[in-house]
Each structure stands twice: as C-alpha cells, then as structure tokens.
1. Within region 144-158, can you find the residues that are farther than 22 Å from residue 353 by Cβ and buried (at least 19 other Cβ atoms within 10 Å of the Cβ)?
2. Test residue 169 against the stated conditions and say whether it is closer than 22 Å to residue 298 by Cα, at pLDDT 95 or above and away from the ligand (no atom under 16 Å from the Cβ).
3. Please note which strands (runs of 3 or more DSSP E) are completely contained in region 146-232 and include at least 1 residues that are within 14 Å of the chain's Cα centre (by Cα).
4. Please find, within region 31-70, the residue that is nearest to the chain's Cα centre (by Cα) out of those that are among the small types (Gly, Ala, Ser) and part of a helix (DSSP H, G or I).
5. Enumerate the pairs (first residue in region 332-348 and at positive phi; second residue anywhere and modelled with pLDDT of 95 or more and not hydroxyl-bearing (Ser, Thr, Tyr)) with beta-carbon separation below 9 Å, excluding pairs fewer than 6 apart on the same chain, so at least 6 apart or on different chains.
6. So if I check each of 195, 187, which one is at negative phi and within 15 Å of the ligand (Cβ to nearest atom)?
7. Cβ contacts < 7 Å: first residue of a type in the set (Asp, Glu), restricted to region 1-25; second residue part of a helix (DSSP H, G or I) and at pLDDT 95 or above, any location; separation 6+ or different chain. Result?
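The values are calculated or read from the model by the stated rules, or taken from the named source; none is laboratory data. These figures come from a predicted structure and were not determined experimentally. For neighbour counting, all protein chains shown are included, and Cβ atoms are generated from backbone atoms with ideal geometry for every residue, glycine included.
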Amino acid sequence: MQVPLLDLKAQYATIRDEVVSAVTEVLESQLVCNGPAVRELERQMAEYCQCAAALGVSSGTDALLVSLMALGIGQDLPACRTGGKCPGSPEVITTPFTFFGTAGSIWRAGAKPVFADIDPETFNLDPAAVERAITGRTVAIMPVHLYGQVAEMDALLDIARRHGLKVIEDAAQAIGAQYKGKPAGAFGDCGCFSFYPTKNLGAMGDAGMITTQDKDLAARMEKLRNHGQSRQYFHDWVGGNFRMDSIQGAALSVKMRYIERWTERRRANAERYNELLADVSQVVTPVARPHCRHIYHQYVLRAERRDELQAHLKDRGVASAVYYPLGLHLQDCFKGLGYRKGDFPQTEKACDEVLAMPIYPELTDAQIDYVAGQIAAFYA
Ligand SMILES: Cc1ncc(COP(=O)(O)O)c(C=O)c1O
C-alpha cells in the first residue's frame with residue numbers, strides 16, 4: 001500500500017468545479033490583485049476567527065512581517081509609534097522549534113529574535129522560559145501554535161500584560177484551532193495565517209492573512225501591504241507589495257466552506273492513530289491539552305530510533321517527515337546571535353525524535369491501520 005504524506009489532488013478532485021468557477025469569475029472580472037474576492041475571504045476569516053478585522057496578504061511570512069512593521073517593531077514608522085520603542089535593537093521572544101519564517105520575519109523587520117525553549121509535551125513555547133528571556137529590550141512575544149495546537153495563551157498574555165509586550169501569534173499552522181473555546185488568531189495584537197498549499201486551508205499558490213481586534217492597527221496594515229500608500233502615489237510609510245492575488249481569495253473562499261469538515265476528519269484520524277498506537281511503548285503520540293482544540297495540521301510522534309523507523313516506513317510505501325531537524329538557534333544565518341548547542345535541550349531533543357505521519361482528511365481508515373501496523377511491526 002502507498003500512503004503519501006499529503007494528497008492535494010484527492011482534495012482538489014472533490015471541489016474542482018466550485019474552484020474553477022470561482023477562479024474563472026475573477027479572471028472574467030480582471031480584478032486580479034487584492035480585489036473583491038479577497039474582501040470576501042477577509043470577511044469569512046474575520047468571522048471564523050472572531051476578530052474585528054482580517055487582511056489578506058501575500059504569504060504567512062509576509063503576514064508576520066507586516067504585523068511587526070505595523071506595531072512599529074524594528075523600524076521607526078513615522079506616525080506609527082505604537083510600541084517597539086526601546087534603546088538599541090528591540091527583541092522579540094519566540095521559539096527555536098518552528099518553521100524558519102517565524103524568526104526570519106523578526107530579523108527582516110530589523111528586530112532581534114530571542115529564543116526560549118519549548119514545553120516537551122506540546123512542542124509550544126514554555127511560558128516560564130519566555131519570562132526568563134525577558135530583558136529591558138524585549139518588545140514582543142511571538143508564540144507559534146505548532147502543528148495546530150494553540151500555545152498556552154493565558155500564561156503568555158499574562159506575561160505580556162505584566163511587561164507591556166505586544167503579542168503576535170504565528171497561527172500559520174493553526175486555522176480553526178481553539179484555546180478555551182476561543183480561536184487561534186483572536187488572542188494577540190495580531191494573528192498570522194499561512195495558506196501555503198500544504199496547510200489545512202491551502203491556496204493555489206502562496207497567500208496569507210492577518211487577523212486583529214484593533215481596527216486602527218488593521219488600517220495601518222492595510223496601508224503597509226500596499227507600499228504604505230495613503231492615496232495613489234502618495235506614501236506615508238515604506239511598506240511593500242504584500243497584496244494577495246484575487247484568485248487565491250476566490251479559491252480559499254470556496255475551501256472555507258469545507259474547513260470544519262476537513263478539520264473533523266483530521267481529528268478523527270488522529271484519534272484512530274492514538275488508539276492503534278496506544279500499546280507501542282517506543283512512540284509517544286501527540287498530547288492534545290483538554291482545553292485545546294487541536295486541528296492536527298501535523299500528527300507528530302516522538303519515536304525511538306526515529307531515522308530507522310522513517311526508513312522502514314519509506315520501504316513499505318509510507319511517507320513521513322521531520323518538522324524540524326535543526327533548531328533555529330543553530331541555523332548558520334543566526335550564528336551572530338551567539339547561541340550554542342545545548343542552549344535549548346527540549347528543542348534539540350525534539351529535533352532528534354519527531355516524525356510527522358500522514359493525517360490529511362482524505363486518508364482512509366485502511367491506510368491509517370496500515371501505517372500504524374507498520375510502526376508496530378518495526379518495534380516488534
Ligand atoms: C509556523 C510557520 N510560520 C510561518 C510560516 C510561513 O508561511 P508561508 O509559507 O505562507 O510564508 C509557516 C508555513 O510555511 C509556518 O509553518
């Protein structure tokens with residue numbers, strides 16, 4: 001049996017006619033950049049994430065960058081002095097166990113990424129470690145809702161409040177995830193989503209979204225995504241071209257109708273794996289905290305002899321992946337930050353042990369049974 005990590009063609013086949021018709025409408029209108037189809041997606045996302053505003057942008061990475069810029073972190077935007085002001089290079093605390101774009105956006109905004117270690121159970125930022133990393137230069141916290149489970153927001157928001165810090169949620173992997181009944185993206189000053197095709201809600205190319213409860217901040221971000229322009233060819237700030245293509249808005253609006261159904265399939269698949277792997281003592285199945293709605297962007301095991309298991313599965317037609325093999329504190333481009341191996345033991349241990357298994361909604365029970373059976377056979 002073959003089990004791919006993801007089967008985008010299978011999903012597309014179920015919605016092909018609707019997507020083609022929505023995209024064709026955009027093409028006929030020729031309103032192809034940041035047009036009405038993007039406005040409709042923004043309306044849907046603001047409602048889904050229980051936020052006052054949502055802004056379509058070019059990618060999840062750009063969502064993070066625009067958020068930092070709009071909060072005045074790392075650069076001095078005239079008339080945008082809302083925070084981020086401190087002597088020297090402002091610091092943003094985040095996790096080293098995430099996709100590169102998280103810390104890369106902090107760096108590109110002109111701020112310094114400061115890392116704090118993760119909670120080994122959830123792989124998300126450990127609030128106690130965040131508190132220890134705060135200095136006089138800290139201006140913001142960027143928690144990542146890794147694999148689709150919201151970080152410990154009560155504790156993180158409490159730290160932010162006590163220290164006067166901004167909070168930018170990296171919700172790239174967490175659309176539809178909830179913490180105590182509240183959706184990802186509704187907690188911080190901004191929530192940043194990625195619609196990269198492999199995400200739970202994937203575009204037909206690159207796209208992203210920023211959510212916020214702050215309408216003034218939304219107005220600043222709206223300007224920044226279009227070169228800081230106040231009216232055509234008059235620029236208040238240096239922004240960039242961070243606009244979303246209208247065909248992405250149209251395709252994503254169609255997919256929004258299915259996101260809950262797909263999420264429930266992922267959750268059911270996770271449940272099935274959990275049951276089948278309960279007696280395999282060499283793997284630890286994902287821990288979903290009781291107050292969290294995990295949306296399983298990834299279903300990630302901790303596995304003994306991880307690399308051997310991965311090779312064994314590959315030989316038997318089962319794809320898997322390592323997210324992520326190296327902590328961001330040890331990446332070459334961040335050498336200048338001065339971190340060393342051993343600085344974040346939980347992150348480094350996770351890098352050696354994690355293995356993401358197929359979890360996509362179209363996976364059949366027979367495929368899940370086969371994957372779990374092959375994992376059990378490896379250790380037997
Ligand atoms: C945690 C995290 N942050 C940021 C990003 C960046 O999103 P994008 O690829 O849309 O730029 C991604 C996804 O790739 C991600 O998984």
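1. 150, 153, 156
2. Judged against the criteria, residue 169 is not a match.
3. It comes to 166-170, 190-194, 208-212.
4. That would be 60.
5. 342/348
6. Sole residue among the options that is at negative phi and within 15 Å of the ligand (Cβ to nearest atom): 195.
7. 18/254; 25/250
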